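Visitor: Pasting in a structure now, in structure tokens, and then I'll have a few things to ask.
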Amino acid sequence: MALEIWTEKYRPQKLDDVKGQEDITSRLKNFVKSKSMPHLLFSGPAGVGKTASSIAIAKELYGDSWRDNILELNASDERGIDIIRNKVKDFARSKAIENVPFKLIYLDESDALTKEAQQALRRTMENYASNTRFILSCNYSSKIISPIQSRCAVFRFKPLPKEILINILKKIADKEGLKVTDKALEFIYTASEGDCRKAENILQSVSAITKDIDEKAIEKVVSFAEPAEIKEVVSLALNGNFEESKKKLSSVIIKHGLSGLDAVIQIQKQIMNFDIDEKLKVKLIKICGEYEFRLVEGSNEFVQLNALLAEFSMVK
Amino acid sequence: MLTKKYQPNSLSEVIGQELACKKILNFYKNFKNSRAKAVFLSGPPGCGKSSCVQALASQENAEIIEINASDKRNKNSVLEILEPASQQVSLFGSNKIIFVDEIDALSGTKDRGGVSALADIIKKTKFPVFLTANDPWSSNLKSIRKISEMISMSKLSPQQIFNYLKKICKKENIAYEDKAIMKLAYSVGGDLRAAINDLEVMSTKEKITLDTLKLWGREKDEIIQDVLKLIFKSRSSESLNSAVFNLDISAEDTMLWVEQNVSKEYSGEDLLKAYNCLSLSDIFFSRIMRWQHWRFLFYASYFSTTGVQQAKENIKSSLVYHTKPEFFLNMWKMSAKKKKYKELAEKFSDKLHASTKQLQKDFAPYLSFIENHNKKMHEKIMNSLN
């Protein structure tokens, strides 16, 4: 049964379908053609085609049996390098299909691995190099230790240009029989911050309420999906109502399953959109920066966030 | 709040204090001929002192004039509020009850003269006066003890608490294991209010089991309560240090207790300074782990106790009910949520090529939007995923 999630339904099948990264895909196509490639490192922001390219490579290399020949792992879910190593070991035991000399291992979010884990990963990459190729993906290549970088061909994915993302959305809208205004498309682009996965998810969500899509409809989805209550948390604190804002914040965090960092980022973004005195804004952003730092340094998210709110409630 | 919702409306609904209730009603009915003009109710927290007074008032349709714990209670404010109230007939001609809660919290300096003013009022009052305290025997309450009828109330038994909690569970449709409720009833040390509060926080959607309790055990709270009092109500770092030394919970838990309650005790600049100490303390806790340098523990502990103690200019005079850190409950709720995402991820991640984190951020909110607005579409999507 075909998947009804649009990010899957409209996932690129071939490297040619991956839009906006032509420099990269043209070189990847050569790897596929010659059936020979080094380890790859894909870096770049979310939703610009890193996973899509990897899957497209697998599909082009292995055809229908692609699923058996690529092992998808992500560093944030597989707890620890040992688990990754064991899975790789099992996977690498068998050979790829006849005419391709290697199987693929796609390790998503590899920058989530600690330096020590990356060292271990490097050895694993060497041990199985005879019949596997690794594709590592990450947001920031600087977080990947240089011995790994030097063993990989590094590809830096760029943010998707506006026209390209909007084109992708238009094509989907056509196929789904949706009417979307130009302004609405632009709105989706801004809200998605150039993340194609997010943009497609927004479009699909809007289609749940209407087939005639304008900005208002988009607004509904966006304000639902982004923890809008954060705005209220900040307002409460700025009005000196510490107790209420503290309560609200912990309920938002629990409801949306946010991490402390997620919360600070949201708070900072909300403040940027606030219609307040710019000097006050600078003060608030300074506080955000300080507490983002303390969150990274500290261990208890609630303590740090509450301390941030206490600062906010005393800002004049 | 469940404690509010299940506040007794008549003396017969008060749990486990039959004798005291009888005496209270008797005093109220014979007030005109009674020599004592006040009743002094004493007993441990959560045994039903305030509930008795409120139940009496609602059953007899009497108006309560109350100075509660958060008011200033020095000589002038006591006289200002209670003198007219204790003399004039109520506006609607109904009966009146004068109620001074937690008089053992009348502090020496801020509430100066409060006790003697109260004694004067009692001597002259035309309406029954009710006083409550955990400890009636402190020396500055002597003048009041002499002119009041003393009624002491005892702790509730675990059995009484158990029965009542079960009643609430049934009315509130809270699923529970008998064993868990029994353990809860035993753990609160006779404090029904605490028991109901604990019940409320644990009664999220899931069934209350022994495991829930483990995350939320109210045991050995008394020592930490003393430490909190020293932090929030005193300025002596010496007595605080020795109390912290005797504490049998971890320094990190102590910090959480302080954090949970600090905003009830401090406000304004004091609160800000206190939070800065707590934030710093938390950073040192994490530095211990990062650098494996246990000397940092001293700083972490010092900032969260003495640091917070010294952060204040003003001491709030009223007694505050210090609650358990919500942190563990929050973490538990979070982990339940994360578990849900995790399950979702295990099911779908290879289909959607996304990690738990991505599912949670990039898919979950949109899926729930669709679920809220278009059930059919949601069903279609879920079917295709399964």
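Visitor: Scan region B:352-374 for residues that are of a type outside the set (A, V, I, L, M, F, W, C) and either touching a Ser or Thr at 6+ places or on another chain (Cβ under 9 Å) or at positive phi (or both) and jot them down.
Guide: Let us first name the residues in region B:352-374 that are of a type outside the set (A, V, I, L, M, F, W, C), namely B:353, B:355-358, B:360-362, B:365-366, B:368, B:371-374.
Across region B:352-374, the qualifying residues are B:His353, B:Ser355, B:Thr356, B:Lys357, B:Gln358, B:Asp362, B:Pro365, B:Tyr366, B:His373, B:Asn374.
Visitor: Mind checking which residues of region A:90-125 are outside any loop (DSSP other than H, G, I, E, B) and hydrophobic (A, V, I, L, M, F, W, C)?
Guide: Within region A:90-125, the subset outside any loop (DSSP other than H, G, I, E, B) is A:90-92, A:103-108, A:110-112, A:115-125.
Scanning region A:90-125 gives A:Phe91, A:Ala92, A:Leu104, A:Ile105, A:Leu107, A:Ala112, A:Ala117, A:Ala120, A:Leu121, A:Met125.
Visitor: Could you tell me whether B:Ser42 is closer than 21 Å to B:Asn95 by Cα and of a type in the set (S, T, N, Q)? Spell out how you get there, then give the answer.
Guide: Values: closer than 21 Å to B:Asn95 by Cα: no; of a type in the set (S, T, N, Q): yes.
So B:Ser42 fails the test.
One line per residue, one yes/no per condition, for (1) modelled with pLDDT under 90; (2) open to solvent by 20 Å² or more (accessible area, probe 1.4 Å); (3) closer than 30 Å to A:Lys9 by Cβ:
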| site | (1), (2), (3) |
| --- | --- |
| A:Val222 | yes, yes, yes |
| A:Leu236 | no, yes, no |
| A:Leu249 | no, no, no |
| A:Phe274 | yes, yes, no |
| A:Val296 | no, yes, no |
| A:Leu309 | no, no, no |
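Visitor: Before we move on, is A:Glu78 modelled with pLDDT of 90 or more, touching a helix residue (DSSP H, G or I) at 6+ places or on another chain (Cβ under 8 Å) and surrounded by fewer than 22 Cβ atoms within 10 Å (Cβ to Cβ)? Spell out how you get there, then give the answer.
Guide: Details: modelled with pLDDT of 90 or more: no; touching a helix residue (DSSP H, G or I) at 6+ places or on another chain (Cβ under 8 Å): yes; surrounded by fewer than 22 Cβ atoms within 10 Å (Cβ to Cβ): yes.
Judged against the criteria, A:Glu78 is not a match.
Visitor: Which members of region A:32-62 meet the condition of being within 14 Å of chain B (Cβ to nearest Cβ) and either more than 16 Å from A:Ile105 (Cα to Cα) or of a type in the set (Asp, Glu) (or both)?
Guide: If the condition is that a residue be within 14 Å of chain B (Cβ to nearest Cβ) and either more than 16 Å from A:Ile105 (Cα to Cα) or of a type in the set (Asp, Glu) (or both), then A:Pro45, A:Ala46, A:Gly47, A:Val48, A:Gly49 are the ones that fit.
Visitor: Sticking with this structure for a sec: Condition first: part of a helix (DSSP H, G or I) and either of a type outside the set (A, V, I, L, M) or over 20 Å from A:Phe42 (Cα atoms) (or both). Now tell me which residues in region A:71-89 satisfy that.
Guide: Scanning region A:71-89 gives A:Gly80, A:Asp82, A:Ile83, A:Arg85, A:Asn86, A:Lys87, A:Lys89.
Visitor: For residues that are farther than 24 Å from A:Val100 by Cα and open to solvent by less than 60 Å² (accessible area, probe 1.4 Å), scanning just region A:12-31, find the one that is farthest from the other protein chains (Cβ to nearest Cβ).
Guide: For region A:12-31, the residue satisfying everything is A:Gly20.
Visitor: Does region A:277-294 hold any residues that are open to solvent by less than 60 Å² (accessible area, probe 1.4 Å) and over 28 Å from the mean Cα position of the chain (by Cα), and which are they? Steps first, please.
Guide: Filtering region A:277-294 for residues open to solvent by less than 60 Å² (accessible area, probe 1.4 Å) gives A:280-281, A:284-285, A:287-289, A:291, A:294.
A:Leu280, A:Lys281, listed by residue number.
Visitor: Please name all residue pairs, on different chains or six or more residues apart, with Cβ atoms under 6 Å, provided the first residue is in region A:96-117 and is of a type in the set (D, E, K, R) and the second residue is open to solvent by 80 Å² or more (accessible area, probe 1.4 Å).
Guide: Between residues of region A:96-117 that are of a type in the set (D, E, K, R) and residues that are open to solvent by 80 Å² or more (accessible area, probe 1.4 Å), the close pairs are A:Asp111/A:Tyr140; A:Asp111/A:Lys143.
Visitor: Sticking with this structure for a sec: Is it the case that region B:345-363 has a residue that's more than 9 Å from chain A (Cβ to nearest Cβ) and either of a type outside the set (A, V, I, L, M, F, W, C) or in contact with a Cys (Cβ under 7 Å, 6 or more places away or on another chain) (or both)?
Guide: yes
Visitor: While we're looking at this one, here's another question. Only helices (runs of 4 or more DSSP H) wholly contained in region B:1-80 count here; list those with 3 or more residues that are among the basic types (Lys, Arg). Don't jump to the end; show me each part of the working.
Guide: Numbers: elements: B:2-5, B:18-29, B:49-60.
Passing ranges, in order: B:18-29.
Visitor: Only helices (runs of 4 or more DSSP H) wholly contained in region B:220-334 count here; list those with 3 or more residues that are more than 9 Å from chain A (Cβ to nearest Cβ), free of Cβ contacts under 8 Å to residues at least 60 places away in the same chain and open to solvent by less than 20 Å² (accessible area, probe 1.4 Å). Walk me through how you get there before you give the answer.
Guide: Values: elements: B:221-233, B:237-246, B:251-265, B:268-291, B:296-302.
In region B:220-334, B:251-265 are the helices (runs of 4 or more DSSP H) which contain 3 or more residues that are more than 9 Å from chain A (Cβ to nearest Cβ), free of Cβ contacts under 8 Å to residues at least 60 places away in the same chain and open to solvent by less than 20 Å² (accessible area, probe 1.4 Å).
Visitor: Still on this model: Just give me the residues in region B:275-303 being over 16 Å from A:Arg294 (Cα atoms) and either polar (S, T, N, Q) or within 26 Å of the chain's Cα centre (by Cα) (or both), in sequence order.
Guide: Within region B:275-303, B:Gln292, B:Ser301, B:Tyr302 qualify.
Visitor: Write out, first by first residue and then by second, each pair whose Cβ atoms fall under 7 Å of each other, whose residues are 6+ apart or on separate chains, and whose first residue, in region A:191-219, is at positive phi and modelled with pLDDT under 90 while the second is buried (at least 24 other Cβ atoms within 10 Å of the Cβ) and part of a helix (DSSP H, G or I).
Guide: Listed pairs, sorted by first residue: A:Gly194/A:Leu165.
Visitor: Does A:Asp195 fit the bill of being open to solvent by 80 Å² or more (accessible area, probe 1.4 Å) and among the acidic types (Asp, Glu)?
Guide: On the way: open to solvent by 80 Å² or more (accessible area, probe 1.4 Å): no; among the acidic types (Asp, Glu): yes.
Taking the combined requirement at face value, the residue does not satisfy it.
Visitor: Right, next: Any idea which of (1) open to solvent by less than 20 Å² (accessible area, probe 1.4 Å); (2) more than 26 Å from A:Ile253 (Cβ to Cβ); (3) within 20 Å of the chain's Cα centre (by Cα) is the one B:His353 doesn't satisfy?
Guide: If we test B:His353 against (1) open to solvent by less than 20 Å² (accessible area, probe 1.4 Å); (2) more than 26 Å from A:Ile253 (Cβ to Cβ); (3) within 20 Å of the chain's Cα centre (by Cα), just (3) comes out false.
Visitor: To continue, here is another question. Considering only region B:17-57, state which residues are over 15 Å from B:Leu156 (Cβ atoms), touching a strand residue (DSSP E or B) at 6+ places or on another chain (Cβ under 9 Å), open to solvent by 20 Å² or more (accessible area, probe 1.4 Å) and not aliphatic (A, V, I, L, M).
Guide: B:Lys23, B:Tyr28, B:Ser34, B:Arg35, B:Lys37, B:Gln54
The values are calculated or read from the model by the stated rules, or taken from the named source; none is laboratory data. Since this is a predicted model, take the numbers as computed values, not measurements. Cβ: placed from backbone, ideal geometry, glycine included. Neighbour counts: every protein chain shown. For accessibility, only protein heavy atoms count, side chains too; no ligands or nucleic acids. Shrake-Rupley method; radii C 1.70, N 1.55, O 1.52, S 1.80 Å.
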